[in-house]
Amino acid sequence: MIVVGGEALIDLVPVAEPPGALLPRPGGGPYNTALALGRLGARTAFCSRVSTDGFGASLLAGLRAAGVDLSLVQRGPEPTTLAVPSLAPDGSAAYGFYVEGTADRLFRLPPAFPEGVRALALGTCSLVLEPGAGAYEALLRRESARGVLTLLDPNIRPALIAEPDAYRKRFLSWLPYVSVLKLSEEDAAWLGGRVRDWLAAGPSAVVLTRGAGGLTVWTREGAEHSVPARRVGVVDTIGAGDTVNAALLHRLTDLPDGAGRADWPEVLSYAAEAAALTCTRAGAEPPYASELTA
């Protein structure tokens, strides 16, 4: 089983008509990753704290429909986090957030996972907003010590990071517990580090998403592989990086030693195709396994 930990929120996506209208859509990097894994056919559980309000109920309904296990979800009466993406002409998105007093940031460290858990994915807002961030960090360290494959997607949201230098130091402290670091070019530029330094700190592989430029991976053994992006008509890029997370995990957890002996060109090509299909749809709507050629 793959466990995805982190926030579930509502994206208020701008629509063309009527002018200024916002359409509520399920979102949050970890939520989208779990949803994509479920649609790809991976045995997946979501580990988070979700509101008991109407938005929270709709978020869980979406995961349930994708076959995601909800037994690790904590519930609370606080409101659901809201995100408001603003879309650029190329479909890329920047975000504003409403996070004060919301349910997901009150996440608590859960009891030990069952032995069948093979991978854990974490990232985005959940590793920024306290007190939940500390609980997710403890979860990362605990599961890494058990030999679970761990994927970290920092998915930087500058509007949420009050002290950038402190966050950058904290990010570096996570790397000894990370198997695969996946980040975008924008994340890498904001963090200001170098791939070789990140690899030396712990991960077996660093995967960089480059938008229309495709995907690149560097491994601890010194290998480097790139694949081009699939050419599609882009509606928006919301959820594309989260779909990459899901595709990576789906492929890597099929291997006996995870990222250690991956066929990286094949893994990246699979991720590129899945992400491209997500970009053809409004909001975070990852593809189903039946839509992929591989």
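The values are calculated or read from the model by the stated rules, or taken from the named source; none is laboratory data. Only a predicted model underlies this, so the values are computations on that prediction, with no experimental measurement involved. Backbone-built Cβ (ideal geometry, glycine too); neighbour counts: all protein chains shown. We work out accessible area using only protein heavy atoms, side chains counted, and drop any ligands, DNA or RNA first. Shrake-Rupley method; radii C 1.70, N 1.55, O 1.52, S 1.80 Å.
The table for this structure:
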quantity	calculated
Residue-by-residue Karplus 3J(HN,Hα) for region 184-194, coefficients 6.51, -1.76, 1.60, Hz, glycine and proline x	8, 4, 5, 4, 4, 5, 5, 5, x, x, 10
Anisotropy class of the chain from Cα gyration tensor, a/c 1.5 cut	rounded
Net charge contributed by nearby residues that have their C-beta within less than 13 Å of I156 (K/R +1, D/E -1)	0
Carbon plus sulfur fraction of accessible area for region 160-294, probe 1.4 Å, in percent	52 percent
Gyration tensor verdict on region 166-279 (Cα atoms; rounded if a/c is under 1.5, prolate if a/b is larger than b/c, oblate otherwise)	oblate
Carbon plus sulfur fraction of accessible area for region 1-123, probe 1.4 Å, in percent	60 percent
Only Lys, Arg (+1) and Asp, Glu (-1) charged, at Cβ; region 193-234 dipole about Cα centre in debye	180 debye
DSSP bridge pairs, the chain: antiparallel proportion in percent, nearest 5	45 percent
Heavy-atom surface of region 142-294, accessible at 1.4 Å and reported per residue (Å²)	43 Å²
Loop chymotrypsin sites (Phe, Trp or Tyr not before Pro), region 192-294, which have at most 10 other Cβ atoms in a 10 Å radius of their Cβ (DSSP)	none
Cα gyration tensor, region 184-235 - rounded (a/c under 1.5), prolate or oblate	oblate
CD proxy at 222 nm, helix term only [per DSSP H run n ≥ 4: -39500 (n - 2.57); per residue of the chain; nearest 500]	-9500 deg cm²/dmol
Nonlocal amide H pairs with V3, under 5 Å, H built at 1.01 Å	A45, R118, A119, L120, A121
Cα centre as origin, Lys/Arg/Asp/Glu Cβ charges: the chain dipole, Debye	500 debye
Antiparallel bridge percentage (DSSP; both residues within region 1-45; nearest 5)	75 percent
Charge dipole (the chain, unit charges on Cβ, about Cα centre) - positive-most of L181, M1, P85	M1
Bridge type composition, region 1-122 - antiparallel percent by DSSP, nearest 5	50 percent
